[in-house]
Amino acid sequence: MAQAYKTETGSGGQEPDRRETRLRRLLTTLRTDRGIWRRGIVTAAFALVLALVMALHARIPNSIGNLGSLLETFLPWLGPLVPVLLVIALVRRSATALIAVLLPACVWVNLFGGLLVERTGAGGDLTVATHNVNAENPDPAGTARDVAASGADVVALEELTGSAVPVYEDALASTYKYHSVQGTVGLWSKYPLSEVHPVGIKLGWTRAMRATVTAPEGKLAVYVAHLPSVRVKLEAGFTARQRDKSADALGEAISREKLPDVALLGDLNGTMNDRALGAVTAQMRSTQGAAGSGFGFSWPASFPMARIDQILVKGVEPVTSWTLPETSSDHLPIAARVKLSASTS
């Protein structure tokens with residue numbers, strides 16, 4: 001009796017065989033190629049150092065050129081080194097390096113992974129914005145119009161010059177009925193301002209102020225501050241001594257605030273990771289960290305690398321936080337929507 005045999009012509013049965021062959025080949029390589037564990041030792045060591053630097057950044061001393069603060073200012077940018085090390089490990093075919101690269105990757109995700117998750121919400125009572133307009137801004141009127149177009153109820157401006165103040169006042173007058181300028185900082189509001197006064201931050205001139213904004217949902221104490229600039233010098237490192245002293249004075253002033261709802265708007269010349277700003281950041285939280293999307297870098301405007309402009313709050317609930325489009329300044333303006341505690345009681 002004749003028998004017919006059917007030959008498989010499809011490729012469906014070959015894929016499992018191919019995968020099994022690749023797996024067997026990989027296991028064979030791991031067993032036989034002793035160099036896979038010896039190669040990439042330098043890459044692995046660099047990965048371990050990177051992981052330690054990120055994990056222990058708070059232990060790096062500021063005694064030498066404020067090295068710790070400099071590192072913390074740009075700490076998120078250590079992350080891109082991880083894929084570079086990964087590529088090197090793959091090119092070197094080094095199992096040791098591949099395993100080591102997992103450590104800095106895990107540390108970075110632990111530190112900043114939450115910023116990559118969408119946390120913005122809806123609702124809120126008040127929109128606030130802040131912008132370092134740059135003393136050398138070639139188009140202050142245009143900058144003022146751009147910030148007003150954000151729809152913010154309260155706007156803080158820093159680095160105001162005497163000659164530019166009238167320009168900002170004219171450009172913002174139709175949108176904001178109330179405003180006050182104290183030294184080189186100013187506050188514009190759609191709602192009444194009261195108890196306005198400068199805040200001393202140990203500079204000898206005024207770069208910080210405080211005001212009460214009376215919104216329909218309640219009162220908000222608003223502080224506007226522009227802390228001293230920092231510099232990176234070859235002979236002195238990250239020079240920030242005056243900034244640090246001013247941050248301590250600002251933190252002390254905020255700690256004495258009697259209103260429960262407080263917002264700090266301004267250019268702090270430092271990030272939330274910078275321990276030198278601890279007098280402020282220990283008692284307030286960032287709207288970007290709580291309700292923003294992404295890192296919200298604000299400086300320099302041409303290629304933002306750090307969020308040194310901040311909206312920090314105490315007592316109020318951040319709803320959403322974002323970065324506004326570029327203006328004629330070297331900083332990007334930032335904004336946030338918040339819910340006052342009085343409206344939730």
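The values are calculated or read from the model by the stated rules, or taken from the named source; none is laboratory data. Note that the structure is predicted; figures quoted are calculated from it, not measured. Please note: Cβ atoms are built from the backbone with ideal geometry, for glycine as well, and neighbour counts cover all protein chains shown. Ligands, DNA and RNA are excluded from the accessible area calculation, which covers all protein heavy atoms including side chains. Shrake-Rupley method; radii C 1.70, N 1.55, O 1.52, S 1.80 Å.
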So how much accessible area does D330 have, in Å² to the nearest 10, using a 1.4 Å probe? 60 Å²
For the range 176-325, report the % of Cα-Cα distances exceeding 19 Å. 54 percent
R0 = 35 Å: FRET efficiency of E252 with V53, Cβ-based, nearest 0.05? 0.65
So, counting K/R as plus one and D/E as minus one, what does the shell of residues with Cβ under 13 Å around S150 add up to? 0
Size of electric dipole in the chain: Cβ of Lys, Arg +1 and of Asp, Glu -1, about Cα centre, debye, nearest 20: 1760 debye
Could you work out how far the C-alpha centroid of the range 163-236 sits from that of the range 266-283, in angstrom? 18 Å
Quote the convex hull volume per residue of the chain, based on C-alpha atoms, as a whole number of Å³. 225 Å³
What's the longest bit of the chain with no exposed chymotrypsin sites (Phe, Trp or Tyr not before Pro), using DSSP loop states and at most 12 other Cβ atoms within 10 Å as the test? 206-345
Computed over the chain, protein heavy atoms only, probe 1.4 angstrom, the accessible area per residue in square angstrom equals 50 Å²
Determine the dipole magnitude for the range 220-308: charges of +1 sit on the beta-carbon of Lys and Arg, -1 on that of Asp and Glu, nothing else is charged, the reference point is the Cα centre, and the result goes in debye to the nearest 20. 120 debye
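Dipole magnitude of the range 49-147 about its Cα centre, charges +1 at Lys/Arg Cβ and -1 at Asp/Glu Cβ only, in debye to the nearest 20?
I would put it at about 620 debye.
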When the charge dipole of the chain is computed with +1 at the Cβ of Lys and Arg and -1 at the Cβ of Asp and Glu, the Cα pointing farthest to the positive end, of S194, V313, L78, is that of L78
For the chain, what is the mean residue ellipticity at 222 nm derived from helices alone (per DSSP H run of n ≥ 4: -39500 (n - 2.57); sum divided by total residues; nearest 500 deg cm²/dmol)? -10000 deg cm²/dmol
When the chain is treated as a GNM, springs tying every alpha-carbon pair under 10 Å, which of E158, E195, E317 comes out with the largest mean-square fluctuation? E195
Heavy-atom accessible area of T21, protein chains in place, probe 1.4 angstrom, given in Å² to nearest 10, is 50 Å²
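As an exercise, take the mean of 1/r over every pair of distinct alpha carbons in the range 52-129, invert it, and state the Kirkwood radius in angstroms.
About 15.1 Å, per the Kirkwood formula over Cα pairs.
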Residue-ordered couplings for the range 111-120, obtained by feeding phi - 60° into the Karplus form 6.51 cos²θ - 1.76 cosθ + 1.60 and rounding to whole Hz (Gly and Pro as x), are 7, 10, x, x, 6, 8, 9, 5, 10, 5
Counted charge near A342, where neighbours are those whose Cβ lies closer than 12 Å (Asp, Glu -1; Lys, Arg +1): -2
Neighbourhood net charge (15 Å Cβ-Cβ; Lys/Arg +1, Asp/Glu -1) for V107: 0
Calculate I(q)/I(0) for the range 57-183 by the Debye formula, one identical point scatterer on each C-alpha and no solvent, and give its log10 at q = 0.14, 0.15, 0.21, 0.22 Å⁻¹ to two decimals. -0.86, -0.89, -1.11, -1.15
Most positive-pole-ward Cα, A279, A148, V224, against dipole of the range 142-284 from beta carbon charges: A279
Of all accessible heavy-atom area on the chain, the percent that carbon and sulfur account for (1.4 Å): 59 percent
Comparing L187, L312, L103, which has the greatest mean-square fluctuation in the GNM of the chain with Cα pairs linked when under 10 Å apart? L103
